[in-house]
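Down below is the structure, laid out as structure tokens.
Taken together, the values in this text are just the output of simple stated rules run on the coordinates, not laboratory data. Given the structure is predicted, the values throughout are model-derived calculations rather than measurements. When we count neighbours, we look across all protein chains shown, and the Cβ atoms used for this are built from the backbone with ideal geometry, even at glycine.
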């Protein structure tokens with residue numbers, strides 16, 4: 001098993017790490033020659049999953065990777081360690097090399113980062129302990145498969161929605177998201193208590209997935225408002241598109257998409 | 001008078017709502033008021049919102065109610081704490097671009113209670129985005145329907161429905177029932193004075209005296225604040241020069257007030273230009289704050305009444 005590479009743009013990788021860290025610190029980093037994934041998942045049914053997939057070139061250059069499992073390597077990693085290393089890399093403005101190795105004859109694997117500042121020959125070495133996952137264990141992690149009957153739309157600017165939902169958080173723990181293709185303002189976020197309710201309506205557009213959107217379709221789901229707010233932190237990635245998929249009775253999924261990079265949030269629903 | 005209404009009874013669906021309010025919604029309405037800058041209204045009402053984000057409790061557990069009075073002269077929001085505290089903010093009819101008030105026959109005003117905390121979250125819903133964008137606001141009240149506030153910023157619309165609850169009319173405090181001492185002071189100066197006291201103490205004693213300069217004391221004090229707390233005794237004293245105007249009908253009036261009931265008036269000084277403080281010989285304290293907002297045509301008036309503590313009554317009739 002071998003992995004060594006140069007970190008392509010530490011700032012970009014750092015941003016992704018900072019965003020997904022808000023969900024959970026434990027993560028599975030899955031590196032392959034073409035695609036690199038960050039997987040945040042859990043056993044409990046009511047928690048959020050985050051699957052981030054990017055073309056490897058966005059994060060690593062001059063990649064040398066070899067393993068018995070189709071040259072894929074998966075490891076459990078603590079994101080706050082990774083964030084710390086990447087922050088040093090961003091500050092130093094030099095080259096950051098990374099490799100997977102075992103230290104000093106022990107059997108414990110580490111992801112070792114070496115940060116070199118060319119002008120002053122400054123070396124920084126940081127080792128992050130990781131747990132390498134076997135192919136068998138890795139095969140147990142599967143991105144959620146969802147039913148085909150869903151309603152997809154493009155989310156309005158996440159930062160705008162974040163500001164609105166932040167205020168709604170003061171009123172209730174539960175956020176209702178309603179889409180009604182019949183309306184001119186098809187998307188509605190709302191919160192309600194015994195003494196009042198607030199509803200905010202947005203104009204939205206829809207991704208053309210080969211089929212035109214039927215005119216009279218609606219879907220309503222309820223989510224935990226704090227979990228939903230966490231997904232909106234991804235506005236920092238300045239995505240090209242954010243597609244929201246509503247699976248009534250199942251899940252709410254947000255795909256935050258940039259070129260060759262997608263962060264997918266799978267949110268459980270409240271009934 | 002409006003009675004209880006269900007929050008689900010909002011009279012519009014997203015398909016009909018056009019942002020300016022269709023006439024089918026405003027027919028039979030008791031009140032339709034429109035204004036182009038929700039921020040101005042938010043900053044006025046913020047001064048009477050006692051429970052704010054700095055509370056340790058989760059905000060939805062400490063919801064604040066307010067009495068709303070609709071009349072020909074405007075919309076008044078009143079917050080009361082027992083019979084010892086009252087804060088009032090009025091949005092004058094002249095503030096609004098449109099103000100149509102049609103009360104039921106033989107009624108001059110409509111009074112009900114709403115959740116002010118939810119209203120504030122709604123008024124601020126678009127704040128924090130593009131600070132220069134204006135949010136248009138429409139307020140609609142119909143008998144038997146929730147109090148409705150509609151906000152529009154560019155292409156996004158927010159609708160807030162507040163259940164209206166029966167309540168008594170706001171308390172009427174009469175400052176003129178006893179002789180009073182009155183001062184007009186800039187908010188900045190008063191804020192400085194109150195900045196000196198010890199907020200860990202339970203109460204603050206306010207002393208207003210008619211200064212009579214003598215040869216020995218050419219600049220006698222006219223305003224004094226005293227606190228006695230765990231940190232000891234603090235006193236701050238100011239002479240006549242701090243105040244723009246004085247009217248003293250009694251040589252000295254002094255009373256103690258619970259500090260917690262004074263604090264909202266002090267906090268509101270941050271957005272106030274000038275304030276008029278009046279304390280009467282019966283122990284009633286009044287602040288009339290002239291609030292500054294983005295809208296510069298006229299200042300908005302926010303008023304506070306606080307009743308003195310009974311057990312530490314000190315009345316100097318000099």
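Provide the FRET efficiency to the nearest 0.05 for the residue B:97-residue A:142 pair, computing r from the beta carbons and using R0 = 45 Å.
On the way: r = 58 Å, r/R0 = 1.28.
Given R0 = 45 Å and the Cβ-Cβ separation, E is 0.20.
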With label points set 7 Å from each Cα along the Cα-to-Cβ direction at residue A:46 and residue B:192, the distance between them in nm comes to 5.6
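In what sequence do B:290, B:126, A:154 fall when counting other Cβ within 10 Å, fewest first?
Details: B:290 16, B:126 25, A:154 13.
The most exposed by this proxy come first: A:154, B:290, B:126.
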Expressed in nanometres to one decimal, the distance between label points 7 Å along Cα→Cβ at residue B:84 and residue A:240 is 6.4
When B:80, B:237, B:152 are ranked with the fewest other C-beta atoms within 10 Å first, the list becomes B:237, B:80, B:152
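How high is the relative contact order of the stretch A:2-138, given as a whole-number percent (alpha carbon pairs under 8 Å, six or more residues apart)? Before the final figure, lay out the partial values.
Working: 271 pairs, mean separation 36.7, N = 137.
Contact order relative to length: 27 percent.
For the peptides B:39-46, B:207-214, what is the packing order when you average, over each peptide's residues, the other Cβ atoms within 10 Å and list the highest mean first? Before the final figure, lay out the partial values.
Working: B:39-46: 21.5, B:207-214: 15.9.
Packing order, densest peptide first, comes out as B:39-46, B:207-214.
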Computed over chain A, the relative contact order (Cα-Cα under 8 Å, seq sep at least six) in percent reads 19
Expected integer from the mean partner chain Cβ neighbour count at 10 Å over A:198-207 is 5
Expressed in nanometres to one decimal, the distance between label points 7 Å along Cα→Cβ at residue B:172 and residue A:159 is 5.2
The stretch A:1-78 and the stretch A:174-194 have their Cα centres apart by a whole-number Å value of 35
note: the protein assembly as shown, Cα-Cα separations exceeding 38 Å make up a percent value of 49
Relative contact order as a percentage, the stretch B:175-317, C-alpha pairs under 8 Å and 6+ apart, gives 30
The exposure ranking of B:200, A:121, B:132, A:234, fewest beta-carbon neighbours within 10 Å first, is B:132, A:121, B:200, A:234
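Convert 4 °C to kelvin, take the viscosity as 1.567 mPa s, use the Kirkwood radius over C-alpha pairs of the stretch A:2-138 as Rh, and evaluate the Stokes-Einstein diffusion coefficient in µm²/s, rounded to a whole number. Mind dumping the intermediate values first?
Working: Rh = 15.4 Å.
It comes out at roughly 84 µm²/s.
In peptide A:183-192, what is the residue-averaged number of other protein chain Cβ atoms found within 10 Å of each Cβ? Kindly include the intermediate steps, with their values, before the conclusion.
Numbers: counts 5, 6, 8, 2, 2, 4, 1, 3, 3, 4.
The mean count of partner-chain Cβ atoms within 10 Å per residue comes to 4.
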D (µm²/s, integer) via Stokes-Einstein for the stretch A:149-209, Kirkwood Rh across alpha-carbon pairs, 4 °C, 1.567 mPa s: value 104
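Just tell me how shielded B:144-155 is by partners: mean number of partner chain Cβ atoms within 10 Å of each residue's Cβ, no decimals. Please report the intermediate quantities before stating the final value.
Details: counts 0, 0, 3, 1, 0, 2, 0, 2, 1, 3, 2, 6.
Mean partner shielding for this stretch: 2.
Starting with the highest mean, order A:264-270, B:101-107 by the number of other Cβ atoms within 10 Å, averaged over the residues of each peptide.
Details: A:264-270: 19.7, B:101-107: 11.9.
Top of the packing list down: A:264-270, B:101-107.
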So the angle from the long Cα axis of helix A:79-92 to the longest Cα principal axis of chain A, reported in degrees to the nearest 10, equals 70
